[in-house]
Amino acid sequence: MLSTILPPALLGALCALLTILWIILAFVFLLPGILLRLLPVRALQRLGARYCVQVAVRWVQANRLIYALMHRTPWQPVYHQALDPAANYLVICNHQSWADIPLLFDVLHRRAPFPRFFMKWELLYVPVIGVGCWAMDFPFMRRYSKAKLAAHPELRGKDLEATRRACERYQSVPVSVINFIEGTRLTPAKHARQQSPYQYLLRPKAGGLSFTLNAMGEQFAGIIDVTIGYQPTRKRLLWSLLCGEQNQVQIDVEVRPIPTQLIHGDYAHDPDHRQNMQDWINQLWQQKDARLARIKQTQPSAAL
């Protein structure tokens, strides 16, 4: 493996180059499916989406091969329960970096249905990635500022309605729906601004999760609760990962049941249901914060 003969910066650059080239190549293979998705025939659109997902599965396999060839020892996730690739799951995870995405795809690969996650509307216009994710039925959501909502109150609730519509599309195929319920990536500035009560997490947001449960809750076999604990580094986490300095990142995967009483309820208008949902999420986040604290105590530092 090249990590034994190349310095981290050169290794990271080479790994990034191979990853980008493979993304471009995968996009070429996606083109037939994208063309099918553009046709105004529902059956052909579904066929195109399934084809694109199969290409994406091979993309994940190639990423794993690239990392195995480039670096020393890949991470070893801890699975507390077996996952079912034919079942539907809701996936929640702490969100710290773009590195979370390839790690989650790797963790769920062949163990659970191919994952989709909610993306900002602006990412639809990112070359290659945006249209590829659209072809695979990733849900794109618009986020509105408080100022814009005040000026245009008719937009209030549109993002949550988009959540419902997206989940309805997944009722006919197995899927793992990833929800980063912190809503954004963790940074020290965001942590301080929120006055977060958690040491390693931002405050969780329950609204989108509640709407996802409303739309698909009875179909989910459970919640896959993923906790990612990176090794400390002063570099950006994605770059540190590419440089091979996160080989001892710890990933904890636990399947949790979904409380039946939280599947149905009006989060927007029922104060009791909203409070129950928030209490449940906060309890999960307290447990995740404690898990991260234990991980941090046992981790060696990555290179600076």
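Bear in mind these aren't lab numbers, they're just calculated from the coordinates by the rules spelled out. None of these values were measured; they are calculated from a predicted model.
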Interchain or long-range residues, amide H under 5 Å from PHE114's placed H: SER176
Assign one of three labels to the chain, namely rounded, prolate or oblate, based on the Cα gyration tensor with a ≥ b ≥ c the square roots of its eigenvalues; rounded applies when a/c is under 1.5, prolate when it is not and a/b is larger than b/c, and oblate otherwise. oblate
Check cross-link reach from LYS190 to the aspartates and glutamates: straight Cα distance under 19 Å, and skip same-chain residues fewer than eight apart. ASP100, GLU182, ASP289
Identify all aspartates and glutamates with a Cα-Cα distance to LYS235 below 12 Å; exclude those on the same chain that are fewer than 8 residues away in sequence. GLU245
Share antiparallel - DSSP beta bridges, the chain, percent rounded to 5: 30
